[in-house]
Amino acid sequence: MIDIKKKFSLCNFNSLQLDHVADYFCEVFSEQDCIEALEFAKEKQLQIQILGEGTNVVFSDDYQGLVIKVSLKGINSNEGLVSIASGESWHESVLWTLKKNLFGLENLSLIPGTVGAAPIQNIGAYGAEISSFIHSVKFLNLNTRKIEEFTNEECQFNYRNSIFKELKDYLILEVKLELFKKENINISYKSLKDYMEAEGLDLSKATATQVCRCVCELRNTILPDPKKVPNAGSFFKNILITKDEYNDLREIIEVPYHEESKKMVKVSSAFLIEKAGWKGYAEDNVSVSDKHSLVFLSNGKATGKQVMLLADKIIKDVHQKFGVNLIIEPSVI
């Protein structure tokens with residue numbers, strides 16, 4: 001029997017520590033718990049919000065409905081196919097795969113959040129994305145109460161996006177990943193390559209464990225630990241534009257970019273935000289990190305409205321100065 005709590009503070013369940021309240025809250029540890037939670041919501045005619053570690057969400061206000069905290073556990077592998085329950089820590093799962101001599105996820109080390117949240121956002125870092133490794137995603141359909149499974153293609157992955165961002169009516173139960181059985185090092189990302197060279201590593205002989213360590217060290221230099229400093233990681237996506245749009249942008253400012261395809265390039269949102277003068281800016285309990293301009297920090301007293309007000313100011317200013325549109329990366333609830 002699941003434990004349903006009323007008027008429950010979400011302060012300790014989102015990494016910005018926004019102290020908003022859910023009308024109802026429960027934690028689920030099994031598929032049966034999930035179904036019971038759905039039945040309760042149906043009986044009370046409540047809307048539902050699924051929550052992992054809360055590292056990539058912004059509660060803009062109190063939540064009028066049922067928040068379901070997913071804590072399903074379990075991880076195993078079979079012939080390179082790794083099945084991980086949605087409530088497992090993403091980073092701990094990456095470390096588990098390396099211990100089992102399964103490779104590919106090392107560039108995605110130390111990304112906060114649960115495994116279930118990873119495909120929704122199509123998490124990526126240092127030249128890698130989870131979509132390259134996903135075999136399938138098993139989920140509970142919130143409307144039919146039936147368990148379904150999507151293949152990689154059916155997930156419709158693209159940059160920091162997937163079909164799960166559009167569907168809404170689902171609860172991810174398990175993610176299956178197809179990993180390499182031999183090391184296949186990816187050091188294509190310039191900052192990672194430069195860091196490893198500065199460390200004196202022989203890149204021709206680099207190991208997945210070394211990549212994991214360097215990625216963790218890099219992330220720790222620019223992204224504060226949300227357990228110590230309330231934040232939601234990168235608040236804006238990098239900007240995906242056509243090469244013609246990039247040439248127009250270059251008329252205003254020279255900006256770092258990464259070629260995504262023959263027609264598209266990705267430019268640094270952090271660079272533009274910093275050049276617009278927002279790095280280190282603070283107001284009303286929320287600030288922009290002075291180490292990384294993509295990171296919003298809370299002093300533990302911020303409200304969702306204060307966070308979103310600052311985001312709106314930055315979006316409008318960057319558009320006015322550079323003619324490009326910033327897109328918020330966390331889910332705003």
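The values are calculated or read from the model by the stated rules, or taken from the named source; none is laboratory data. Just so we're clear, the structure is a prediction, and the values are computed from it rather than from any experiment. Cβ: placed from backbone, ideal geometry, glycine included. Neighbour counts: every protein chain shown. For the accessible areas, the whole protein counts, side chains as well, though only heavy atoms, and no ligand, DNA or RNA atoms are used. Shrake-Rupley method; radii C 1.70, N 1.55, O 1.52, S 1.80 Å.
Within region 188-207, restricting attention to residues that are of a type in the set (S, T, N, Q) and over 21 Å from Tyr257 (Cα atoms), the residue that is least open to solvent (accessible area, probe 1.4 Å) is Thr207. Residue pairs whose Cβ atoms lie under 6 Å apart, separated by 6 or more positions or on different chains, with the first residue in region 104-133 and farther than 16 Å from Lys165 by Cα and the second part of a strand (DSSP E or B) and open to solvent by less than 10 Å² (accessible area, probe 1.4 Å), are Phe133/Leu177. Under the condition of being more than 19 Å from Gly323 (Cβ to Cβ) and part of a loop (DSSP other than H, G, I, E, B), the residues counted in region 264-291 number 8. Could you tell me which residue of region 11-37 is nearest to Ala117 (Cα to Cα), considering only residues that are polar (S, T, N, Q) and assigned to a helix (DSSP H, G or I)? Across region 11-37, the extreme among qualifying residues is Asn12.
The number of residues in region 61-89 that are hydroxyl-bearing (Ser, Thr, Tyr) and in contact with a His (Cβ under 8 Å, 6 or more places away or on another chain) comes to 1. Pairing each residue of region 286-299 that is closer than 20 Å to Ser268 by Cβ and of a type in the set (Phe, Trp, Tyr) with any residue that is open to solvent by less than 10 Å² (accessible area, probe 1.4 Å) and in a loop (DSSP other than H, G, I, E, B), provided the two are 6+ apart or on different chains, yields C-beta distances under 6 Å for Phe296/Phe235. Residues in region 241-265 that are at pLDDT 90 or above, surrounded by 18 or more Cβ atoms within 10 Å (Cβ to Cβ) and hydroxyl-bearing (Ser, Thr, Tyr): Tyr246 only. Only one residue in Ser204, Ser261, Ser188 is polar (S, T, N, Q) and within 14 Å of Glu106 (Cβ to Cβ). Which one? Within the list Ser204, Ser261, Ser188, the selection yields Ser188. The requirement of being touching a helix residue (DSSP H, G or I) at 6+ places or on another chain (Cβ under 9 Å), open to solvent by less than 10 Å² (accessible area, probe 1.4 Å), touching a residue at least 12 places away in the same chain (Cβ under 8 Å) and of a type outside the set (Phe, Trp, Tyr) is not satisfied by Val307. The residue that is nearest to Ile111 (Cα to Cα), counting only those in region 53-69 that are open to solvent by 10 Å² or more (accessible area, probe 1.4 Å), outside any loop (DSSP other than H, G, I, E, B) and of a type outside the set (Phe, Trp, Tyr), is Val57. Given the criteria surrounded by 13 or more Cβ atoms within 10 Å (Cβ to Cβ), modelled with pLDDT of 90 or more and at positive phi, does Asn238 qualify? In short, no. Go through Val318, Val215 for me and flag whichever is under 19 Å from the mean Cα position of the chain (by Cα), outside any loop (DSSP other than H, G, I, E, B) and surrounded by 17 or more Cβ atoms within 10 Å (Cβ to Cβ). Checking each option against the conditions leaves just Val215. Determine whether region 38-51 contains at least one residue that is open to solvent by less than 10 Å² (accessible area, probe 1.4 Å), more than 13 Å from Gly116 (Cα to Cα), in contact (Cβ under 8 Å) with a residue 12 or more places away in the chain and part of a loop (DSSP other than H, G, I, E, B). Looking for residues that are open to solvent by less than 10 Å² (accessible area, probe 1.4 Å), more than 13 Å from Gly116 (Cα to Cα), in contact (Cβ under 8 Å) with a residue 12 or more places away in the chain and part of a loop (DSSP other than H, G, I, E, B), one finds none in region 38-51, hence no.
When Lys73 is tested against (1) buried (at least 16 other Cβ atoms within 10 Å of the Cβ); (2) without any contact (Cβ under 8 Å) to a residue 60 or more places away in the chain, exactly one condition is not met: (1).
Checked against the criterion of being of a type in the set (D, E, K, R) and in a strand (DSSP E or B), region 236-253 has no qualifying residue.
Of everything listed in (1) surrounded by 18 or more Cβ atoms within 10 Å (Cβ to Cβ); (2) in contact with a strand residue (DSSP E or B) (Cβ under 7 Å, 6 or more places away or on another chain); (3) hydrophobic (A, V, I, L, M, F, W, C); (4) not in a strand (DSSP E or B), the single unmet condition for Val229 is (1). The residue of region 123-153 that is least open to solvent (accessible area, probe 1.4 Å), among those that are polar (S, T, N, Q) and over 21 Å from the mean Cα position of the chain (by Cα), is Asn141. When the residues of region 100-113 are filtered to those that are open to solvent by 10 Å² or more (accessible area, probe 1.4 Å) and at negative phi, the one that is farthest from the chain's Cα centre (by Cα) is Lys100.
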